[in-house]
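Below is one structure, written out as structure tokens; the observations come after it.
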Amino acid sequence: METRATARTVLVVPRKARLVMNLVRGKDVKDAMAILNNLNKKSARLIKKVLVSATANAENNFKLNQDNLYIKEAYINDGPIMKRRRIGSRSHIDRHDKKTSHITIVVAEKN
């Protein structure tokens, strides 16, 4: 069995979040939690929330044991871009894009 959790439209740049996601992809849930607890990045806190949600879905919905779970799939897609204006040089208006992400984690039970 596999369960999934998704956080949509999270205010973190996808390129920066993928650096953290590459560290935990394919690992056991306990190892991934240890890695995410020791990283001092915003994306690590957000990925940890999604991982906790995915493991809770596995435990509550399918009665799976947390010790046997691993991260089967983990990916970050681009979300919508919020376009904002900011004063640039010589009083011109510059665009300031705030990029968002969709974080998805799929956990499965080891055989």
Here's a check for you: in the range 58-79, which residue that is assigned to a strand (DSSP E or B) and in contact with a His (Cβ under 8 Å, 6 or more places away or on another chain) is surrounded by the most Cβ atoms within 10 Å (Cβ to Cβ)? I76
Whether any residue in the range 12-33 is of a type outside the set (K, R), part of a helix (DSSP H, G or I) and in contact with a Gly (Cβ under 8 Å, 6 or more places away or on another chain) is what I want to check. yes
Given the options R25, R90, name the one that is surrounded by fewer than 17 Cβ atoms within 10 Å (Cβ to Cβ), modelled with pLDDT under 95 and among the basic types (K, R). R90
Of all residues in the range 66-111 being of a type in the set (K, R) and touching a residue at least 24 places away in the same chain (Cβ under 8 Å), which is farthest from A17 (Cα to Cα)? K110
Candidates R85, R90 - the one that is more than 22 Å from A5 (Cα to Cα) and not in a strand (DSSP E or B): R90
Based on what the data block shows, is T55 under 25 Å from E109 (Cβ atoms), assigned to a helix (DSSP H, G or I) and β-branched (V, I, T)? yes
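The values are calculated or read from the model by the stated rules, or taken from the named source; none is laboratory data. Remember, it's a predicted structure, so these values are computed and weren't measured experimentally. Glycine gets a Cβ as well: all are built from the backbone with ideal geometry, and neighbour counts include every protein chain shown.
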